[in-house]
Structures are given as structure tokens and as C-alpha cells.
Amino acid sequence: LRTATEQLLISDAIDRSVQSINFQTLAGETIFFDERHLYEVVDNGYLISSLRQHLLASGCILKDDRGEATYVVEPRAGAVGTDNYDLLFGMPATNVPQLTLLAALPPAIPEIPIAKRRDQRGIAKIAVFAYRRETGEPVWQSGISASESTANNIWILGAGPFKRGTIYEGTSFAGQHIAGSQRHADGSRSKQVVRIDQEAIFRKRMP
């Protein structure tokens, strides 16, 4: 089974990557979203829904019928996944050979860490392009949108984990936030009409 941390890393990386794509060129246009190239991607349901939501939040009009759309938007994902790195200062867990003279020893010596660190990261690399449905004429492409999310756990002399990373709000210890460590909003991302991670209410179109 996948851990909650792994799922958070991937979804956070997807959120960051999708948010950095600027769909303003297609605002107000009718769009057919061709999602077929995302079906084999990890957490494809979340990625597809995030892209559709971002299209809508950017002012695009989605059509389920390809024939009713002026433009076709086609996304692809170069990478969606996680990496793990472990660093240990101390003695790793060791299996003890069971010899007659050493029968009194335990079969294994547990890990004895002085300091230990586990770094995990999630990666999402996404690209999107659009073309006219009727003619196949290219209209727009997003370029490569690659983002990374992180989760860092540290243990010192048995105390921990101290958790920090983009999937956490500041630094926490044993499930509790440490005062003064709240994460500030990332102002480096491109500003859109509506961010996908914020609540929004859209005005209904007048008949």
C-alpha cells in the first residue's frame, strides 16, 4: 500500500506544476480536453481533474463533445512519481550469525542512530498544447512545467521525527507544529485568475 506521505508528495507536485501553466490565451474559448495520454500516469484522476479545474478557473469553456469545441487541448506527463533518500549517522541494523559459541546473543542488533534523516520528494513534469479542431493548426503550447515537492524527516538521539517540507505547514515534531515555523506562501508562482488550491465562486453567465 502507498503511504499518505507518498500520495501527498505526488498531489502537491501536481498542484504546483498545473498552477504554473498559464491558460489565459484560451480564456473564453470552447475547449475539448483530450486526456487520453494521461491514462497510464500515476494518480491520473487527480492530474486530469486538476487540469480541467485550472482550465475552467482560467475562463475556458469545456465541452464533452469534441465536435462542439473550437480548440483541442492535449496534455502529457513526462514524470509523476517519488524518490527517497536515507542518511544515517550511527550503527545500522545488523544480523548476527547464529554460532554455537554465540548462542546467547540475539539474532539481530537493532539500528542505533545518533542522527538520521529521510528525504522524500515528489516530481511532476507536465506539458500542454492546443490546436484548432477543424484544421489542426497549432495555437499555443505551455512549455515544460516541472515542479518538485519535499518531505524531510530528522531524528536526533532518538528524538523525532522533526518534519519539514512543502507538504507540511512549517516544521512539526511528533505531530505538533513548532511555534514560529509556519510556511510562507510561495510568491514565485505565476499569478492566475484563480489558484487551484484556493476556494472560489464563479459568477453565472447571464442568458
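Values in this text are rule-based calculations from the coordinates and carry no lab data. Fair warning: this is a prediction, and the values are worked out from it, not measured in the lab. Note that each Cβ is placed from the backbone with ideal geometry, even for glycine, and that neighbours are counted across all protein chains shown.
Would you kindly state how much longer the chain becomes between Leu1 and Ala27 on full extension, computed as 0.36 nm times their sequence separation minus their alpha carbon distance, in nm to one decimal?
Residue separation times 0.36 nm, minus the Cα-Cα distance, leaves 5.3 nm.
A crude spin-label estimate for the pair His37 and Glu111, with each label 7 Å from Cα along the Cβ direction, gives 4.0 nm.
With the simple model of a label 7 Å out from the Cα in the direction of the Cβ, Leu62 to Tyr85 spans 3.7 nm. Protection proxy ranking for 39-52, 126-139, 13-26, using the average of other Cβ atoms within 10 Å per residue and placing the highest first: 13-26, 39-52, 126-139. For the pair Glu134 and Gln53, label points projected 7 Å from Cα toward Cβ lie 3.5 nm apart. Cross-link reach is defined here as a Cα-Cα straight distance under 20 Å, omitting same-chain residues fewer than 8 places apart; for Lys63 the aspartates and glutamates meeting it are Glu29, Asp34, Glu35, Glu74, Glu134, Glu137.
The distance from the alpha carbon centre of region 28-100 to that of region 102-145 is 10 Å, rounded to a whole number. Within straight-line reach of Lys116, meaning a Cα separation under 12 Å, sit the following aspartates and glutamates at least 8 residues removed in sequence or on another chain: Asp86.
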